[in-house]
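Following: one structure in structure tokens, then a few remarks.
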Amino acid sequence: LYISSEDIGNLQDEVRNFDPRLALDGGADGLNPYRIIAAEAARFLETEGRIAVEIGHTQYNKVSEIFAAAGYLPGGAFRDLGGNDRVLVFKWTKP
């Protein structure tokens, strides 16, 4: 999952100081990596291929919109043990 640039400083020390900033920083709204993934992943997928992405618990709708705009269909959603939305799956059907 990606975090907005301004929220990086609020992460727990063990996350902020362990993971490379590039692995956490999703830009101003935390969604830039999803935009890149949605735009680029299709060229690596077979027809009916699927892609799964980890999300933050508040990112379900926005990430779904990004992938829908790029031509993906919903393929499932999964929650973590705390009941938070955590993984979205999208299906690619090549035109």
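Remark: relative contact order (the chain) = 28 percent; criterion is Cα-Cα distance under 8 angstrom and separation of 6 or more residues.
Helix 60-69 and the long axis of the chain differ in direction by around 40°, with both axes built from C-alpha atoms. For the chain, modelled as a GNM whose springs connect Cα atoms under 10 angstrom apart, the maximal fluctuation among 45, 22, 73 occurs at 22.
Note on the chain: with charges restricted to the Cβ of Lys and Arg (+1) and Asp and Glu (-1), its dipole about the Cα centre is near 420 debye. The portion of the accessible surface of the chain made up by carbon and sulfur, rounded to a whole percent, is 54 (1.4 Å probe; DNA, RNA and ligands excluded).
The values are calculated or read from the model by the stated rules, or taken from the named source; none is laboratory data. Please read all numbers here as calculations on a predicted model, not as lab measurements. No Cβ is skipped: glycine too gets one built from the backbone with ideal geometry, and neighbour counts run over all protein chains shown. Areas reflect the complete protein model, heavy atoms only, side chains present, ligands, DNA and RNA absent. Shrake-Rupley method; radii C 1.70, N 1.55, O 1.52, S 1.80 Å.
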